[in-house]
1. What's the angle, to the nearest 10 degrees (0 to 90), between helix 99-116's Cα axis and the longest principal axis of the chain?
2. With springs only between Cα atoms under 10 Å apart, run a GNM on the chain and tell me which of L110, L50, L89 wobbles the most.
3. Net charge near S92: determine it from the other residues with C-beta under 15 Å of the C-beta of S92, scoring Lys and Arg +1 and Asp and Glu -1.
4. For region 2-137, what is the Kirkwood hydrodynamic radius in Å, using each pair of distinct C-alpha atoms?
5. Please give the contour-minus-distance gain from N51 to T140: 0.36 nm per residue of separation, less the Cα-Cα distance, rounded to one decimal in nm.
6. Need the full-extension length gain, E18 to E59, defined as separation in residues times 0.36 nm minus the C-alpha distance. One decimal, nm.
7. Loop-only check: which GluC sites (Glu not before Pro) in region 49-145 are DSSP coil with at most 13 other Cβ within 10 angstrom?
8. Take every Cα pair under 8 Å in region 2-137 that's 6+ residues apart, average their separations, divide by the length, and report that relative contact order as a whole percent.
Amino acid sequence: MKGLLQRVTGARVEVAGEVVGAIDQGLLVLVAVEPGDTQANAAKLLNKLLNYRVFSDAEGKMNRSLADIGGGLLLVSQFTLAADTQNGLRPSFSTAAPPALAQALFDHLLTEAKRLHPRVESGRFGADMQVHLVNDGPVTFMLQT
């Protein structure tokens, strides 16, 4: 499971012009599920998302986590992150999980995130989404389980 974490001052996801998820300060995470991923992978990724220290402390060092600051978490499914880009000029998606598995694990990740963190929003699985964000820093990390 992959998560492209972006520290943001604000982010929102729109589907057909309707805002389906939005946060202020926090993390926008683009999530890709790969074949072989399990609920254990989702739990490991979620633990990292909530506790990864990417927010500045009083000295300006990245020592504070999303849980520490109480920021928002916006999860967006993005199967293209699992693409194989090693060969040619067109991505292959054979390295992405089948849609049924991907949706089940994304939904599990979302459910657990809402159980463990007070401010969680999401995009809409499988929809054509427009993602708007203000990347703070910019700070972006690729997390893998």
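Only the coordinates and a few stated rules stand behind these numbers; no lab work does. The structure presented is a predicted model; accordingly, all values stated were derived computationally and were not measured. All Cβ positions, even for glycine, are placed from backbone atoms using ideal geometry, and neighbour counts span all protein chains on display.
1. Long axis of 99-116 versus the principal axis of the chain: about 20 degrees.
2. Between L110, L50, L89, it is L89 that shows the largest mean-square fluctuation.
3. On the way: positive: R90; negative: E34, D84.
The answer is -1.
4. On the way: mean 1/r = 0.0649 Å⁻¹.
Radius from the Kirkwood sum: 15.4 Å.
5. Numbers: separation 89, 0.36 × 89 = 32.04 nm, distance 1.51 nm.
Extra length available between N51 and T140 comes to 30.5 nm.
6. Details: separation 41, 0.36 × 41 = 14.76 nm, distance 3.94 nm.
Taking E18 through E59 to full extension adds about 10.8 nm, to one decimal.
7. Sparse-neighbourhood loop GluC sites (Glu not before Pro): E59.
8. On the way: 275 pairs, mean separation 48.7, N = 136.
Once divided by the residue count of region 2-137, the mean separation gives 36 percent.
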